[in-house]
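Each remark here refers to the structure printed beneath this line.
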Amino acid sequence: MNVTVIGLGEMGSALASAFLKGGHPTTVWNRTPGRAEALVAAGAEEAASVREAVAAGELVVVNVKGNTVARELLASAGDALAGRSVVNLTDGTSAEVQAVAEWVAGRGAEYLHGQIMTIAPGIGHPDAVVFYGGASAVYERFDAVLGLLSGHKRLVADDPGVPVLYGMAVHDTMWGTLNGFLHAAALLSSEGVEVGRFLDDAGASMKALISFLPSIAEAVDSGEHAVEYGALKHHLPSVEDLVRESRERGVDDAFPGFTRDLVAEAVDRGHADDNYSRLIEHFARR
Ligand SMILES: NC(=O)c1ccc[n+]([C@@H]2O[C@H](COP(=O)([O-])OP(=O)(O)OC[C@H]3O[C@@H](n4cnc5c(N)ncnc54)[C@H](OP(=O)(O)O)[C@@H]3O)[C@@H](O)[C@H]2O)c1
């Protein structure tokens, strides 16, 4: 299959390289000349224009900085876009991606959005993840070639905006977890405890944290927050202790203070016997 890659930044170069290694004739285009040299040496064709690049590839992969740029570049292909299949791997918001998808469909081309969940050196790795959104018939047709990019790939919705939300959900969880861990690290360090040693000693407790997520997910999906053990009333004194401990040690208490306020507010609203999942009502506010 002839593949085209538009955008040869850090990520686009890794994508083009994976298609070449997979044996696909690959045409590349980049705004700034000179970035295609290594790929051309590895067998890629460099197109002189986006239009020429789009005309050369049955599958057109776009990976640039921002979806406004992605759309402008595709527009410059003119009528060469009709009949092509576009896989846009450019990050943005779900609405930006949906707008590109609609625009591409209006030009007579097929569209998939892919949310890349790895850094450039991870492309082609068995552990790498890409979430896709779009028509299942298109996704299945390109199954083998997209499989060159990541060991894990999944069509998560026919709406191309949903994989963007998947990516954000992973990052959202990551940043919340990292903030908690760094606060914990500051607390441990204030006592001279090495954080690495804590991880060795408390590894089993830390690993167990991930096992809470399915029950939280089930409660959020069903709206049923009743719980037999571990209710909010038991969280409250523990998080209050954490706030006091932080203050006494001169460690920033804003992050646990935020948690304390959320829990206390839910308890005040009569949810003392509910699962921690009840706090979704705070986060879901518009
Ligand atoms: N790098 C990663 O590890 C990584 C991981 C996950 C997702 N991503 C996503 O992949 C996409 C590309 O990221 P990157 O890291 O490869 O970025 P990058 O190295 O900064 O490259 C950006 C690419 O966009 C092109 N570009 C920027 N503005 C342009 C314009 N006005 N017209 C035409 N081309 C333009 C650049 O062309 P020039 O060479 O001419 O500047 C270059 O090809 C982003 O959406 C990013 O969030 C990247």
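Within segment 188-221, the set of residues being touching a Leu at 6+ places or on another chain (Cβ under 8 Å) and part of a helix (DSSP H, G or I) comprises 195, 198, 206. Scanning segment 45-65 for residues that are within 11 Å of the ligand (Cβ to nearest atom), part of a loop (DSSP other than H, G, I, E, B) and crowded, with 17+ Cβ neighbours inside 10 Å gives 63, 64.
Check 265, 245, 240 and return the single one that is in a helix (DSSP H, G or I), under 32 Å from the mean Cα position of the chain (by Cα) and of a type outside the set (Val, Ile, Thr). Break it down stepwise before answering.
Working: 245 fails: under 32 Å from the mean Cα position of the chain (by Cα); 240 fails: under 32 Å from the mean Cα position of the chain (by Cα).
One residue alone meets the criteria, 265.
Restricting attention to segment 18-37, which residues are under 13 Å from residue 56 (Cβ atoms) and within 12 Å of the ligand (Cβ to nearest atom)?
Start the filter on segment 18-37 by keeping residues that are under 13 Å from residue 56 (Cβ atoms), which leaves 19, 24-29.
Selection gives 28, 29.
Here is a list of conditions, (1) within 26 Å of the chain's Cα centre (by Cα); (2) at pLDDT below 95, and residue 230 meets all of them except one; can you say which number that is? All conditions are met except number (1).
Of the residues examined, residue 5 is not one that is more than 10 Å from the ligand (Cβ to nearest atom), within 15 Å of residue 87 (Cα to Cα) and crowded, with 16+ Cβ neighbours inside 10 Å.
In segment 68-96, the residue that is surrounded by the most Cβ atoms within 10 Å (Cβ to Cβ) out of those that are within 8 Å of the ligand (Cβ to nearest atom) and under 16 Å from the mean Cα position of the chain (by Cα) is 90.
The values are calculated or read from the model by the stated rules, or taken from the named source; none is laboratory data. Note that the structure is a prediction, hence the values are computed from the model and not measured. Using ideal geometry, Cβ is built from the backbone for each residue, glycine included, and neighbour counts are taken over all protein chains shown.
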